[in-house]
């Protein structure tokens, strides 16, 4: 196997992993949006990022198609399932909004690392046409991570304020 073939294999596997990662992201965010009541800015941010994530999946499909490859249905299904289970687990916590916010921030940073690695793999594989699409995904993930980080202190303050009342503060 040549170095170029090895790079292509790593790149394609990374694309499949990223596709499944984005499916997992949807399975995490969609249930959260349905449950948010006291945090409209978090809901709006998640709704916008759900649309971005759908676009990211489309871009990943475009890259895979250009390589005569396709996403892994098994990876997509298994990571979507684990995302759903994480969302269900957090929904049982009394501080669901805080757990979700911290988990979302960590997940965004994982996605940032994944796209950074994919860009490096694309360069090694000679897949230069994929790089602008991956860079767009990376920009969106960085922007979302920054929004979550910037909003976290206010989310915590609102959670504490609501906890002091008879209102349900977790969602």
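A prolate overall shape is assigned to the chain, the ratio a/c of its alpha-carbon gyration tensor axes (a ≥ b ≥ c) being 1.5 or greater and a/b exceeding b/c.
Using only Cα atoms, tell me the angle between helix 73-91 and the longest principal axis of the chain; keep it within 0 to 90° and round to the nearest 10. The helix 73-91 is inclined about 10 degrees to the chain. Between the Cα long axis of helix 96-125 and the first principal axis of the chain there is an angle of about 10°, rounded to the nearest 10. Listing 75, 23 from fewest to most neighbouring C-beta atoms within 10 Å gives 75, 23.
Packing order of peptides 142-153, 119-130, highest average first: 119-130, 142-153 (average count of other Cβ atoms within 10 Å over each peptide's residues). Can you tell me the 0 to 90 degree angle between the C-alpha axis of helix 3-35 and the longest principal axis of the chain, rounded to 10? Rounded to the nearest ten degrees, it is 20.
Each value in this text was obtained by applying a stated rule to the coordinates, not by laboratory testing. Predicted model only: the values in this text are computed from it and were never measured. A quick note on method: Cβ atoms are made from the backbone with ideal geometry, for glycine too, and the neighbour counts reach across all protein chains shown.
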